[in-house]
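Take a look at the structure below.
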Amino acid sequence: RFLPVWVATVVLLVVAAFIAPAALRCTSWAFVLPYMTILAVAALGQMLVIMQAGIDLSTAGVISLCGNVLVGVSANSDSRLALGILASVGVGTLVGLCNGILVAVVRLNPLIVTLATGQVALAWSVRYNREVAANPNVPDALSSWAGHKPLGISAVFWTGAALTLLVALALWVSALAVGR
């Protein structure tokens, strides 16, 4: 059932090889792959929400806010990086909790709730960036991790691949548990 997708991908690669061959070189992929990985991890989260018959439009705002909180809290200090990661995860969890309460308990429309919380998160992200996160730089440990390339491919990609495998494993185990 996915044959048209694979055929279209091959056709796209063939056309790109003739029109823009530089786009298929390793240098190009080295720049694009980490960004694709972030998008893929966000898509994994969306997939899990959609599997539960839900929708979440707050993802982009939450990613932006959590990134700024990570940089702001860690304040260019490797020793504060763990605290920055925890704060970032906490902010994401808080937004998710707010979404969950407004949708499941208050019974508001999930489309409207998540769109609104995403915009609020994005606004707070911009404000936080202007006031706090704009001054400090990314901690060296985080920067070197993102720049590290095991087997010539970004560590960001390998982390995303590991997360994808963990999600696939969790879905497989949960399907076995319910007897599907």
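Some observations on this one:
- Hydrodynamic radius of the stretch 29-155 per Kirkwood, over alpha carbon pairs, in Å: 15.8 Å
- Placing unit charges on each Cβ (+1 for Lys and Arg, -1 for Asp and Glu) gives the chain a dipole about its Cα centre, and among A8, A161, I55 the Cα reaching farthest toward its positive end belongs to A8.
- Stretching I38 away from L171 to a fully extended chain increases their span by 45.8 nm, per 0.36 nm per residue minus the current alpha-carbon distance.
- Rounded if a/c under 1.5, otherwise prolate or oblate - the stretch 1-89, Cα gyration tensor axes: oblate
- Taking the stretch 20-125 and dividing mean pair separation by its residue count, relative contact order in percent (alpha carbons under 8 Å, at least six apart): 33 percent
- Atom-type composition of the exposed protein surface of the stretch 1-91 places 78 percent of the accessible area on carbon and sulfur (1.4 angstrom probe).
- The residues of the chain have, on average, 68 Å² of accessible surface per residue, using a 1.4 Å probe with all protein chains present.
- Cα-centred dipole magnitude for the stretch 55-180, charges only on beta-carbon of K, R (+1) and D, E (-1), debye, nearest 20: 200 debye
- Highest to lowest packing among 83-91, 104-112, scored as the average C-beta count within 10 Å: 83-91, 104-112
- Each of L97, I112, L70 was scored by the projection of its Cα onto the charge dipole of the stretch 51-180, and the greatest displacement toward the positive side belongs to I112; charges sit on the C-beta of Lys, Arg, Asp and Glu.
- Extension reserve of the L83-A16 stretch, reckoned as 0.36 nm per residue once the Cα distance is removed: 19.7 nm
- Accessible area of the stretch 97-168 belonging to carbon and sulfur atoms, whole % at 1.4 Å probe: 70 percent
- Span-rule helices in the chain, defined as complete DSSP H runs reaching 30 Å or more along the axis (Cα) with Kyte mean at least -1.0: 26-51, 155-177
- The chain, relative contact order [Cα under 8 Å, separation at least 6], %: 28 percent
- Accessible surface of T27, taken over heavy atoms with a 1.4 Å probe and every protein chain present, rounds to 90 Å².
The values are calculated or read from the model by the stated rules, or taken from the named source; none is laboratory data. Note that the coordinates shown come from a computational prediction; the quantities given were computed from them, not determined experimentally. Cβ coordinates were reconstructed from backbone atoms using ideal geometry, including for glycine residues, and neighbour counts include every protein chain displayed. The protein model used for the area step is the full one, side chains on, heavy atoms only, and it has no ligands, DNA or RNA in it. Shrake-Rupley method; radii C 1.70, N 1.55, O 1.52, S 1.80 Å.
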